[in-house]
1. Output yes when any residue across the stretch C:197-218 is within 14 Å of chain A (Cβ to nearest Cβ), aromatic (Phe, Trp, Tyr) and part of a helix (DSSP H, G or I), and no when none is.
2. Might you check whether a residue that is within 17 Å of the chain's Cα centre (by Cα), modelled with pLDDT of 90 or more and of a type in the set (Gly, Ala, Ser) occurs anywhere in the stretch A:171-178?
3. Test B:Gly144 against the stated conditions and say whether it is over 30 Å from B:Asn64 (Cα atoms) and without any contact (Cβ under 8 Å) to a residue 60 or more places away in the chain.
4. What's the number of the condition A:Gly130 fails, among (1) of a type outside the set (Val, Ile, Thr); (2) modelled with pLDDT under 90; (3) within 27 Å of A:Lys207 (Cβ to Cβ)?
5. Mind telling me which of the residues A:Pro287, A:Pro315, A:Pro308, A:Pro328 ends up being within 14 Å of chain B (Cβ to nearest Cβ) and either modelled with pLDDT of 85 or more or over 16 Å from A:Ser50 (Cβ atoms) (or both)?
6. Based on what the data block shows, is C:Thr114 within 13 Å of chain B (Cβ to nearest Cβ), within 30 Å of B:Arg31 (Cα to Cα) and more than 18 Å from the chain's Cα centre (by Cα)?
7. Name the residue that is farthest from C:Gly245 (Cα to Cα), counting only residues in the stretch C:72-103 that are modelled with pLDDT under 90 and of a type in the set (Gly, Ala, Ser).
8. Suppose the filter is part of a loop (DSSP other than H, G, I, E, B) and in the same structural domain as C:Ile240 (by TED's automatic domain parsing); does C:Ala124 pass it?
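The values are calculated or read from the model by the stated rules, or taken from the named source; none is laboratory data. Note that the coordinates shown come from a computational prediction; the quantities given were computed from them, not determined experimentally. So basically every Cβ, Gly included, is an ideal-geometry build from the backbone, and we count neighbours across all protein chains shown.
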Amino acid sequence: MSSSHSELLLDVQDLGVSFATPEGIVQAVDAVSLTLHAGEVLAVVGESGSGKSVTAMTLMGLTRSPNARIAGSAKLRDLDLLTAGAAELRAVRGEEIAMIFQDPMTSLNPVHRIGRQIVEQIQAHRDVCGKEARDLVVAQLERVGIPQARERLDAYPHELSGGMRQRVMIALALSCDPSVLIADEPTTALDVTIQAQILEVLSQLRKESNAGIVLVTHDLGVVAEIADRIAVMYAGRIVEQGSAGEIFYDPQHPYTWGLLGSIARVDRPRPRRLPSITGLPPSLLHPPQGCHFRPRCPHAHEACLATPALVARVPGAHDHADRCVMAPGRKAKLRQVGGQIGLEARGAWR
Amino acid sequence: MASGVQPRSHAALPEVGRPAGLALRRLRRNRTALGFGALFVALVALALAAPLWAHIAGTTPSKNHLSDTVVVDGRTEQVVTFDGVPIAPTWQKKFFLGADTNGRDVAVRLLYGARNSLFIGIAAALITTVLAVLLGTLAGYFRGWTDAVISRSLDVLWAFPVLLLGVALGVSLALGGLKVGPLEISGDSKWIPTMIIAVVSVVYLARPIRGQVLSLREKEFVEAARAQGAGPLRIMFGELLPNLVSTILVFFALLVANAILLEAALSFLGAGVQPPEPSWGTMLAEGITLLATSPHLTIVPGLMLVLTVLSLNIFGDGVRDALDPRGKVRPEHG
Amino acid sequence: MGRFVVRRLVGMVVVMFAVSVLTFLIFNVIPNGDPADRMAGKNSTPAQIAAIEREWGFDEPLYEQYLTTMEKVASGDLISYANQTNVVEEIKRGLPRTFALAIGAALLWFAMGTALGLYTAVRAGRWTDTLVTVLALIGISMPVFWLGALASYYLGFKAGLFPNGGYSEIGQAGVWEWVKHMILPWAVLATLFIGVYSRVLRANVLDTLNEDYVRTARAKGLTERRVMVHHVLRNSLIPIVTLWGLDFGMVLGGGAILTETVFDLQGVGQYFAESVGQLDVPPVLAVTLFGAFFIVLLNTLVDIAYAALDPRIRLSS
């Protein structure tokens, strides 16, 4: 999955989303830049409140609050999704760019049959008769591994299990063969065994359709399974991005160390206790000055009071950027001290 | 969900911890609701001050001035003409809002009527609340046959055409009064419409209370109280009741508003407050028949009633918005 | 479905039994309520009263009287104490009037309540929303008979736009006359409900707009109109339809006593109001039963409609 040769699908530059609340302005997304190429899986990783879901929703034009202010640009091929008119946006939604939502229990309308809910999308974009549309739906449902697809057309969402519903959501998202698929925590609401199946479906699709997938998640296990590139978000900003290998083997930002440290790995001796990041994520209403991670970072010093830029800092790795001003050599040393935040990254990944 | 709008900041914590304080702050921001709440308080104060105005006007709510005259703009006019048409509002101390066909001062009757209407409205709502909380809590807490008996009775009440029931009870009790053991209520007592309204309204509040108790009794804090050896009474009044307060508050203003309207309807049909005792309902009932000659007899008590009920409805609405966390405007995601 | 209907029928019989016993007791256990006394008039001798008691069966035990009365209700020869007319015939005469009022008003308030509720929800926070909300609250706060009397007098009698009360048979004076007589009663009765329904629907729509499936619908690239109609309104209307069924049943069963009386429509409700003033037990009992019947019937229909509108609901209990 080399990203450099394939077509550039999505180009997000300096995306900012803020909400006016009675208490003040909340900067939910701050200067986020991302690219997505055909056939690539980009994982956007972060904890709750990091702005990753708001980013995903904004790309779909679903941040509709009258209190929201959106800045920057997000080009889907030549169309800027942030400034597109309602009709232009409608034409690409579901057709060019589709989304899989977190909770399959609530994301399907409970009073309509699932077949109808997918047919509705196909007929919004394609001039097909009901019969043709239903055949297309059956094909999609079979593709995502739903048995007896034709009978399931007339099922209501509540008659299906959670995993089946998420497959229906995926079939819905894929029904018009979109070139960009945004998956917002697609496995979070599901059982672990079902999660693996859904990930299998997703990676299968990436191979078959050459679509680009933006995978929004807090689950690094999911990321390790499927991602080509990773962007780590913290408090509205991307703090580090690079290839999956770079992030997992050579993480540069202390927050990324913390994230990686918080998952247990079977290929390592088990630490006495999983290290965790102390403190709470900052209030986006009154974010800390400079580096947002500064109040929780054990290595913070005066230089962190200025907002660090997201630039390549590792010699020779041009696509690996981070927002930590520490020298790469010092980072490598700190990472290896036990008991500090982050785990040493050694050994074979996967 | 990763929405930046509800940050887990330290500043947000006290709000979560003290819902009552939060609700109060939200209510304080709602100027309209507060304004109408104040209006209702003012109306109650006005009703309490009825004797004061009666003193100023120099009459009582039941004193007839059929053959009296009053000086308006320098001219002497009959309070009630020989054709039986009462004087219109004079906008002065005597007969400020005109007279009725018996030559009684409408302004004085309006204020005394307000005492009765408000008394019935508030007393009925209080009784309804006590009955509904009792029934709803018992049914929800004990479940089983207690619940079956209470719920089925409420079903019957629900199926009963409320106004038909109220009118039937009102007319028959007004005639005969009520005798239950040592308690004796005469037919013209305002406790009769009060009790009727209280009883027919119980179902509106008892059902939601029962539902809430059914879910509350499974909560950990009830389990904890039970584990500490608390009896059913302690749990019902010590643990459950405080959690029902917001439901009760939301309903209370609306119950009062509803009771005032119901009193007017019953009185209009002769099944409520009995003449000569004034209430807005009885004044309307008398006034409507004279709409052609004396519209003030219909318009004055009607406007007073609408203003009162409207102020309660708007205030109650504000209370509900403040207490209901869903009332918050939230962004479309998150 | 079959079991559901049977259970509901049994429930209906139980409720109607309870309602009839209650109504019967209300009028027979209160003091000074002896019907024979009143029928005999003021200057009656004990012998006359006794004769009336024998003739009407008032000397029998209460449960016998109840059974006899219910038998007469069923067979249709229930006779009024006050004017010796046949109660069932009187109800039949009032039926088309009550139905005309109930059906017209119910359609009006459903349509207007839905339209205003949707409009205010879409415009939530703007001045038009505030205006309609205030009007709705005023509508809720007015006594129906007061509004009716004012409308009837000022629009009917004074302005001459409408007839001043009364009912016009379609067969006699034609459809137009009938409509002219019904417009004000429909509007007045509907006002209160429009206020309630528009506010309930507004709240429902605002809640539904926040549902995940509405977000999904938008993500599909549907037109805003389709999202609003097929996903938002369709789901928001479910509780409204059930509410509507219950209120419609109440009005069909003579619950619109005040509107009927103030417009002199001579429907079942007005018949009740007049009978109760004379303490005339048979018509009061019959109309109450009639009202309870419609309320229970519509309750059942509402449950069936609910299950049809929301596939998650099963008709089990």
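1. yes
2. yes
3. The answer is yes for B:Gly144.
4. Only one criterion in (1) of a type outside the set (Val, Ile, Thr); (2) modelled with pLDDT under 90; (3) within 27 Å of A:Lys207 (Cβ to Cβ) is unmet by A:Gly130, namely (3).
5. A:Pro287
6. no
7. Per the criteria, the residue is C:Ala82.
8. When the stated conditions are applied, C:Ala124 passes them.
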